[in-house]
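Please read the structure below before turning to the comments.
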Amino acid sequence: MKYIQKQLSKNESVIYSTRISLWTHFKSLLIAGIVLILALMAGKNNLAFLTPIILIPTIIDYFFSEFAFTNKRVIVKHGFISVRTLETKLTSIESLNLKQTILGRILQFGSVAVIGNGGTKNTLQGIRNPVQFKNKLNQYIDNK
């Protein structure tokens, strides 16, 4: 949460934070594993270097994505060199939408859409424990 900590204003504190789920990158992990196995089985150890190259976007997304809500806003950050952020003030949140597939329910990952005034929609995709994030955010807003 390095980015989010740096963005906090005076009298602002993080209430809840989470990370992206590795399960959202299952396809790239599977492809990297297959490439590695095929390269080793074929005796082409020099092709095994492709595995980390395939995983670079996954590694960057996993280690450089941040999801949190503070006592003032919801903050989402993706990226390392090219950074994309989303921020929504808690006072402008109209509703929260949860989206989970069956696999997402089992493995506890999914998306939470934060819908603000005027229908603006910021989606926190691939977040770990989205039900918990949504519930804690709703509780905080209700108790405020």
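The values are calculated or read from the model by the stated rules, or taken from the named source; none is laboratory data. The structure displayed is predicted, hence computed values, not measured ones. For neighbour counting, all protein chains shown are included, and Cβ atoms are generated from backbone atoms with ideal geometry for every residue, glycine included. Just the protein is used for accessible areas: all its heavy atoms, side chains included, with ligands, DNA and RNA removed. Shrake-Rupley method; radii C 1.70, N 1.55, O 1.52, S 1.80 Å.
Here are the numbers for this structure:
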| quantity | calculated |
| --- | --- |
| Descending semi-axes in whole angstrom, ellipsoid equivalent of the chain, from the Cα gyration tensor | 35, 17, 11 |
| Spin-label model distance (nm) - residue 91 vs residue 9, 7 Å beyond Cα toward Cβ | 0.9 |
| Residue 106-residue 31 FRET efficiency (beta carbon distance; Förster radius 25 Å; 0.05 resolution) | 0.70 |
| Backbone N under 17 Å from the residue 23 label point (7 Å along Cα→Cβ), restricted to the range 128-144 | 128-135 |
| Surface accessible to a 1.4 Å probe, residue 59 within the full protein complex, Å² | 80 |
| 17 Å Cα-Cα reach of residue 89 towards aspartates and glutamates, excluding residues that sit fewer than 8 places from it in its own chain | 12, 66, 142 |
| Chain lengthening between residue 53 and residue 99 when straightened (0.36 nm per residue, less Cα-Cα) | 13.5 nm |
| Rounded tilt (10° steps) of 50-63 against the dominant C-alpha axis of the chain | 10 |
| Mean ellipticity per residue at 222 nm, deg cm²/dmol - from DSSP H runs of n ≥ 4 across the chain, formula -39500 (n - 2.57) | -12000 deg cm²/dmol |
